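To keep things clear, I will list the structure first and then write my remarks on it.
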Amino acid sequence: MASVDRTLAELIRAFPCSYPTRTQALHHVLVVLGAGYEWRGGEVVQRFDSDELGCLAVHHQFKLSEEQIRHLRERGSEATQERVDGACPAEHLRPLAAELARTPAPLGRDPYPASTLAPLFNIPQDAAADWVEAAREIASVVVPLWADPSECELATRSSFTPGQRAYVDGERDRALRLLGLRLGPQTLSDEGH
């Protein structure tokens, strides 16, 4: 069984530097298009088996060689310990993953653009109750942010062509209609829509 808490704990444990909170993990699993999650049997599951390495494999790729470290020191610079040993800077969070998976926190970043293909907008009728509640939870975070975008998001939008802007706006509007149909119109009206 892929309960919300278990799924989020596994994600946080694998990538504590990228998804250190319940809210960031929920955002990744339900909102981010192409994150590798899908609805199956009323639960959100990974489409592919994990390699079990998580972020450690990525950090190890950026580990500095002895020659690079020596070069930095010769120039009066020091490398961070994470770059020296290839460790995750959030390693201390890994053992707390189960607790973090149950504790909401601010998103702390702009939400991923709404897409009708993301799991949040395709909640099946047979969805497990904990997943429906998780969808409500993350919707209560991202819907207001889509309604009142940050200055950074507005700057990004200003670089779009009129056609790109129309596509993004249309996709958001279609996605929010799907969300309203599945979770009820109060999901959107409670968030300022």
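Listed values, structure above:
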| item | result |
| --- | --- |
| Residue tally, condition under 24 Å from ILE138 (Cα atoms) and open to solvent by less than 70 Å² (accessible area, probe 1.4 Å), over segment 156-182 | 14 |
| VAL84 being under 18 Å from the mean Cα position of the chain (by Cα) and among the β-branched types (Val, Ile, Thr) | no |
| Failed condition for TYR167, given (1) assigned to a loop (DSSP other than H, G, I, E, B); (2) without any contact (Cβ under 8 Å) to a residue 12 or more places away in the chain | (1) |
| Qualifying residue in segment 171-188 (condition: modelled with pLDDT under 95 and among the polar types (S, T, N, Q)) | yes |
| Residues that are under 18 Å from VAL45 (Cα atoms), open to solvent by less than 60 Å² (accessible area, probe 1.4 Å) and in a loop (DSSP other than H, G, I, E, B), drawn from segment 86-115 | ALA101 |
| Extreme residue, least open to solvent (accessible area, probe 1.4 Å), among residues of segment 136-148 that are out of contact with any Ser or Thr (no Cβ under 9 Å at 6 or more places or on another chain) and either under 22 Å from ARG22 (Cα atoms) or in a helix (DSSP H, G or I) (or both) | VAL142 |
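The values are calculated or read from the model by the stated rules, or taken from the named source; none is laboratory data. Only a predicted model underlies this, so the values are computations on that prediction, with no experimental measurement involved. Positions of Cβ are generated from backbone atoms using ideal geometry, with glycine treated the same way; all protein chains shown enter the neighbour counts. For the accessible areas, the whole protein counts, side chains as well, though only heavy atoms, and no ligand, DNA or RNA atoms are used. Shrake-Rupley method; radii C 1.70, N 1.55, O 1.52, S 1.80 Å.
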